[in-house]
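Trainee: First the structure, which I've put down as structure tokens, then a few questions once you've had a look.
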Amino acid sequence: MQKKDRLRKKYFFIRKKKYFDIKPSFFIPLIELIKKRYKKKKINLSSYYPASFEVNILKLFDLKAMEKVRIFLPVITGKNSMQFYRWEKHDILQINKFGMLEPFRSSKNVVPNIMLIPLLAYDNKNNRLGYGGGFYDRYLKKYLKTYNSILTIGVAFSFQKYHKLPVSNSDVKLDYILTEKGIF
């Protein structure tokens with residue numbers, strides 16, 4: 001785990017130093033993938049509210065193609081768990097115990113069919129280095145057994161790529177990585 005901790009510090013610093021504002025066109029490959037895979041299906045998409053120099057995912061929700069997509073954000077629901085609750089772009093958010101913004105639990109939680117996941121680093125095999133809390137990995141391990149059609153997409157800048165991340169049995173590989181260079 002020491003190597004993961006060193007990589008977390010390194011990539012947090014790199015992301016802070018190299019961060020840049022993206023344009024909505026960043027999300028065109030994602031929208032094309034969604035249209036192709038979910039032609040007429042109802043889409044429940046989980047996102048995150050950007051913090052700490054993460055890709056500004058909010059620009060995705062300005063695009064016309066996202067008008068019929070239902071958006072959900074994570075809510076920390078216990079010591080080691082999270083659930084996803086409905087959110088619309090101008091809804092008021094609350095600050096959780098980690099200082100992250102999350103929606104109020106006013107409605108039933110939902111298991112999304114597409115998850116946009118923040119990360120600190122990724123590699124060629126779509127492994128993800130998160131923040132070390134394991135929330136996304138635990139969530140996916142739990143729900144992929146029942147809902148094996150959850151599409152997982154890490155959202156990052158291309159400079160967050162690392163040659164080969166250390167992985168453990170608790171880590172869940174992502175289906176795709178979306179960067180300013182495309183979706184892989």
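Here, each number is a calculation from the coordinates, and none is a lab measurement. Keep in mind that what you see is a predicted model, and the values were worked out from it rather than measured. When we count neighbours, we look across all protein chains shown, and the Cβ atoms used for this are built from the backbone with ideal geometry, even at glycine.
Trainee: Considering only the range 51-82, state which residues are in a loop (DSSP other than H, G, I, E, B), more than 23 Å from K16 (Cα to Cα) and of a type outside the set (S, T, N, Q).
Mentor: Residues satisfying the conditions are L63, E67, K68, V69, G78, K79.
Trainee: Still on this structure, please answer the following. If I go through the range 113-151 residue by residue, how many of them are within 14 Å of P74 (Cα to Cα) and surrounded by 21 or more Cβ atoms within 10 Å (Cβ to Cβ)?
Mentor: 7
Trainee: Spot the failing condition for K39; the list is (1) without any contact (Cβ under 8 Å) to a residue 60 or more places away in the chain; (2) over 15 Å from the mean Cα position of the chain (by Cα); (3) under 26 Å from Y131 (Cα atoms), and only one is missed.
Mentor: Every condition holds for K39 apart from (3).
Trainee: Surrounded by 14 or more Cβ atoms within 10 Å (Cβ to Cβ) and touching a helix residue (DSSP H, G or I) at 6+ places or on another chain (Cβ under 8 Å) - does that describe any residue in the range 94-109?
Mentor: The answer is no; no qualifying residue exists.
Trainee: Has the range 51-60 got at least one residue that is surrounded by fewer than 16 Cβ atoms within 10 Å (Cβ to Cβ), within 13 Å of the chain's Cα centre (by Cα) and in contact (Cβ under 8 Å) with a residue 40 or more places away in the chain?
Mentor: Looking for residues that are surrounded by fewer than 16 Cβ atoms within 10 Å (Cβ to Cβ), within 13 Å of the chain's Cα centre (by Cα) and in contact (Cβ under 8 Å) with a residue 40 or more places away in the chain, one finds at least one in the range 51-60, hence yes.
Trainee: Can you find even one residue in the range 1-24 that is surrounded by 14 or more Cβ atoms within 10 Å (Cβ to Cβ), among the basic types (K, R), touching a strand residue (DSSP E or B) at 6+ places or on another chain (Cβ under 7 Å) and outside any helix (DSSP H, G or I)?
Mentor: Looking for residues that are surrounded by 14 or more Cβ atoms within 10 Å (Cβ to Cβ), among the basic types (K, R), touching a strand residue (DSSP E or B) at 6+ places or on another chain (Cβ under 7 Å) and outside any helix (DSSP H, G or I), one finds none in the range 1-24, hence no.
Trainee: Would you confirm whether any residue within the range 26-36 is closer than 18 Å to Q160 by Cα and either surrounded by 13 or more Cβ atoms within 10 Å (Cβ to Cβ) or touching a residue at least 12 places away in the same chain (Cβ under 8 Å) (or both)?
Mentor: Initial filter on the range 26-36 (closer than 18 Å to Q160 by Cα): 26-27.
If we keep only those that are either surrounded by 13 or more Cβ atoms within 10 Å (Cβ to Cβ) or touching a residue at least 12 places away in the same chain (Cβ under 8 Å) (or both) as well, we get 26-27.
Within the range 26-36 (the criterion being closer than 18 Å to Q160 by Cα and either surrounded by 13 or more Cβ atoms within 10 Å (Cβ to Cβ) or touching a residue at least 12 places away in the same chain (Cβ under 8 Å) (or both)), the answer is yes, since at least one residue qualifies.
Trainee: Which of the numbered conditions does T152 fail, given that it passes all the others? Conditions: (1) in contact with a helix residue (DSSP H, G or I) (Cβ under 9 Å, 6 or more places away or on another chain); (2) of a type in the set (S, T, Y); (3) farther than 20 Å from P50 by Cβ; (4) without any contact (Cβ under 8 Å) to a residue 60 or more places away in the chain.
Mentor: (3)
Trainee: When you go through (1) more than 16 Å from V55 (Cβ to Cβ); (2) touching a residue at least 60 places away in the same chain (Cβ under 8 Å) one by one for G182, which number turns out not to apply?
Mentor: (1)
Trainee: Okay, next question. Kindly list the number of the only condition in (1) surrounded by fewer than 19 Cβ atoms within 10 Å (Cβ to Cβ); (2) aliphatic (A, V, I, L, M); (3) within 22 Å of S81 (Cβ to Cβ) that fails for I183.
Mentor: That leaves (3) as the condition not met.
Trainee: Please work out which one of (1) under 14 Å from P74 (Cβ atoms); (2) under 16 Å from the mean Cα position of the chain (by Cα) is the condition G154 fails and give its number.
Mentor: (1)
Trainee: Please find, within the range 156-173, the residue that is surrounded by the fewest Cβ atoms within 10 Å (Cβ to Cβ) out of those that are over 16 Å from Y11 (Cβ atoms) and not basic (K, R).
Mentor: So, considering only residues that are over 16 Å from Y11 (Cβ atoms) and not basic (K, R), the one surrounded by the fewest Cβ atoms within 10 Å (Cβ to Cβ) is N169.
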